[in-house]
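Below: the structure, in structure tokens.
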Amino acid sequence: MQTTGPSLTGVRLVLAVTGSIAAYKAVGLLRILRREGATVNVVMTAGACRFVTPLTFEVLSGSHVASDLFEAHQEMLHLSLPEQAQAILIAPATANCLAKAVLGLADDLLSTMLLTTQCPVIFAPAMDGDMWQHPTVVEHVATLRQRGAVIVEPEEGPLASGRSGQGRLADEARILSALQAALHPRRDWSGRRLLVSAGPTQEPIDPVRFISNRSSGKMGYALAEAARARGAEVLLVSGPTALPPPADVELCSVTTAEEMRKAVISRFSWSDTVIMAAAVADFRPAQPVAQKLKKRRGLVTSLELSPTEDILKELGERRTTQVLVGFAAETEDLLAHAREKLQAKDIDLLVANDVTAAGAGFGSDTNRVFILDRDGSVEELPQLPKRDVAHRILDRVLTLPTGRRSTKPAVQTGTHRKE
């Protein structure tokens, strides 16, 4: 595996291994960490020791493997190990490990150690797909992120159960990259002001019914979190979602398209970059009623719709020096529709995805997108976790010059670059 991140020479790490069938993969990860120059102390839970013997890690790390909180010859390991470490990497991390970390349970060496550590903690979960998607696990992952932990999301593929889904331990390159980022955080968005929109809007029919869409808000929230981690000042304008507010991000909650428009326009001059990731309703009921509509047998009621304001187009007309990024969720002729939208809205970048594709639709934790710019180039990203997609979009924005350029992008032709 080729590595391009900062060297780990002289870095002292704790590699914690928990009781997942993927524990054997931690052996290869340890070899890479050692090859990169890190000094590694290995901590194993009782469950991990049932999959791989401590002797394997002891030979490869060159140091004693700690697995017992009460080892007679190693006093206060739960204090000394995190005090000496510059980062703790838990790979694989089971659902049980995540739960204990959230709840502050301390019934073994690893869980007790996590209550004393002050250094970055990176969790690389591995479990069955249904477990990863369970509401309790989803909530625990969100809580750990809010507290500052790094989560390297599992990948999709064949699982030990014989099923297929998202639950496989992330590959070594992704885990190493996350570790390097935690040790050497990027601050390349410092001094920038980012306005992000996220989630759906809800357009009322009556007091209990509304028109909306399937957007979960995950992409917009990932963008807000990634930009904040890289030093940006972030305002997140969000429609109704079930997601917890990102840490250290100003949140403005809205419901309708018009409320989102007003919130975005009122803060537009404050921003230097705007990323409109929200799935804003294109239509709203023309005449919402004040009382709940009653169903009458045999009566067919029609619903008259009127278009909502085009927020992104209005931003394109109002902007002075801001960089504008839009999103396009399509179901057919993806690139053709994306180019039309990029030109019509007069924006700098457009991120397009086919919401009918596996792993790229609403509610998914992954996405597969195309990034189009106003000069005609198209960059295709592979299927990635949405947080990785967010960082790739932020990277691309940093390559753009600030300030308004030509009013009509030449996007009819151009290059298509696939990674």
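The values are calculated or read from the model by the stated rules, or taken from the named source; none is laboratory data. What you see is a predicted model; the values in this text were computed from it and never measured. Here the Cβ is made from the backbone with ideal geometry for all residues, glycine too, and neighbour counts use every protein chain on show.
Do any helices (runs of 4 or more DSSP H) entirely within the range 48-132 hold 3 or more residues that are within 26 Å of residue 37 (Cα to Cα), and if so, which?
Numbers: elements: 54-61, 77-84, 95-103, 109-114.
So the answer is 54-61, 77-84, 109-114.
Take the residues in the range 230-281 that are of a type in the set (Lys, Arg) and modelled with pLDDT of 95 or more; name whichever of them is farthest from residue 392 (Cα to Cα).
Let us first name the residues in the range 230-281 that are of a type in the set (Lys, Arg), namely 230, 261-262, 267.
Filter once more, so that each one left must be modelled with pLDDT of 95 or more: 261-262, 267.
Values: 261: 26, 262: 29, 267: 25 Å.
Only one residue fits best here, namely 262.
What's the total number of residues in the range 94-117 that are under 14 Å from residue 43 (Cα atoms) and either touching a Cys at 6+ places or on another chain (Cβ under 8 Å) or small (Gly, Ala, Ser) (or both)?
Selection size over the range 94-117: 2.
I need the full set of residues from the range 66-123 which are surrounded by fewer than 17 Cβ atoms within 10 Å (Cβ to Cβ), within 22 Å of residue 20 (Cα to Cα), touching a helix residue (DSSP H, G or I) at 6+ places or on another chain (Cβ under 7 Å) and free of Cβ contacts under 8 Å to residues at least 40 places away in the same chain, in order please.
Passing the criteria: 105, 106.
Report, by residue number, each residue of the range 348-381 that is more than 27 Å from residue 242 (Cβ to Cβ) and in a loop (DSSP other than H, G, I, E, B).
Of everything in the range 348-381, those that are more than 27 Å from residue 242 (Cβ to Cβ) and in a loop (DSSP other than H, G, I, E, B) turn out to be 348, 374, 375, 376, 377.
Under 7 Å between Cβ atoms, which residue pairs at least 6 apart in sequence (or on different chains) link something in the range 359-376 that is at positive phi with a partner that is at pLDDT 85 or above?
Qualifying pairs under 7 Å: 359/156; 359/366; 359/368; 359/383; 363/214; 363/216.
Checking the structure you have, find out if any residue of the range 296-313 is surrounded by fewer than 22 Cβ atoms within 10 Å (Cβ to Cβ) and in a helix (DSSP H, G or I).
Restricting attention to the range 296-313, the residues satisfying the condition of being surrounded by fewer than 22 Cβ atoms within 10 Å (Cβ to Cβ) are 296-310, 313.
Narrowing the set further to residues that are in a helix (DSSP H, G or I) leaves 313.
Checking the range 296-313: at least one residue is surrounded by fewer than 22 Cβ atoms within 10 Å (Cβ to Cβ) and in a helix (DSSP H, G or I).
In the range 174-191, which residues are assigned to a loop (DSSP other than H, G, I, E, B) and among the small types (Gly, Ala, Ser)?
Step one: list which residues in the range 174-191 are assigned to a loop (DSSP other than H, G, I, E, B), which gives 184-191.
Selection gives 190, 191.
Within the range 317-352, which residues are surrounded by 19 or more Cβ atoms within 10 Å (Cβ to Cβ) and more than 27 Å from the chain's Cα centre (by Cα)?
319, 346
Conditions (1) assigned by TED's automatic domain parsing to the domain that holds residue 319; (2) part of a helix (DSSP H, G or I); (3) among the aliphatic types (A, V, I, L, M), marked per residue:
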| position | (1), (2), (3) |
| --- | --- |
| 251 | yes, no, yes |
| 255 | yes, no, no |
| 261 | yes, yes, no |
| 265 | yes, yes, yes |
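Would you tally the residues in the range 176-203 being farther than 30 Å from residue 258 by Cα and crowded, with 22+ Cβ neighbours inside 10 Å? Before the answer, list the steps.
Within the range 176-203, the subset farther than 30 Å from residue 258 by Cα is 176-188, 190.
Next, only the ones that are crowded, with 22+ Cβ neighbours inside 10 Å stay: 176, 178-179.
The total comes to 3.
How about the range 12-61: which of its residues are among the basic types (Lys, Arg) and buried (at least 16 other Cβ atoms within 10 Å of the Cβ)?
Within the range 12-61, 25, 34 qualify.
For the range 161-173, state whether one or more residues are within 21 Å of the chain's Cα centre (by Cα), modelled with pLDDT under 95, part of a helix (DSSP H, G or I) and not polar (S, T, N, Q).
yes
Do we find a residue being basic (Lys, Arg) and either touching a Gly at 6+ places or on another chain (Cβ under 6 Å) or within 15 Å of residue 180 (Cβ to Cβ) (or both) anywhere in the range 9-19? So that I can check it myself, show each step before the final result.
Residues of the range 9-19 that are basic (Lys, Arg), as a first pass: 12.
Add one more test, that the residue is either touching a Gly at 6+ places or on another chain (Cβ under 6 Å) or within 15 Å of residue 180 (Cβ to Cβ) (or both), and what stays is 12.
Taking every residue of the range 9-19 in turn, at least one turns out to be basic (Lys, Arg) and either touching a Gly at 6+ places or on another chain (Cβ under 6 Å) or within 15 Å of residue 180 (Cβ to Cβ) (or both).
Name every residue in the range 267-283 that is surrounded by 15 or more Cβ atoms within 10 Å (Cβ to Cβ) and part of a helix (DSSP H, G or I), in order of residue number.
267, 268
I'm told residue 42 meets every condition in (1) touching a strand residue (DSSP E or B) at 6+ places or on another chain (Cβ under 9 Å); (2) over 16 Å from residue 113 (Cβ atoms) except one. Can you identify the failing condition by its number?
(2)
Would you tally the residues in the range 354-372 being buried (at least 22 other Cβ atoms within 10 Å of the Cβ) and either modelled with pLDDT under 90 or farther than 25 Å from residue 268 by Cβ (or both)?
Residues that pass the stated criteria total 1.
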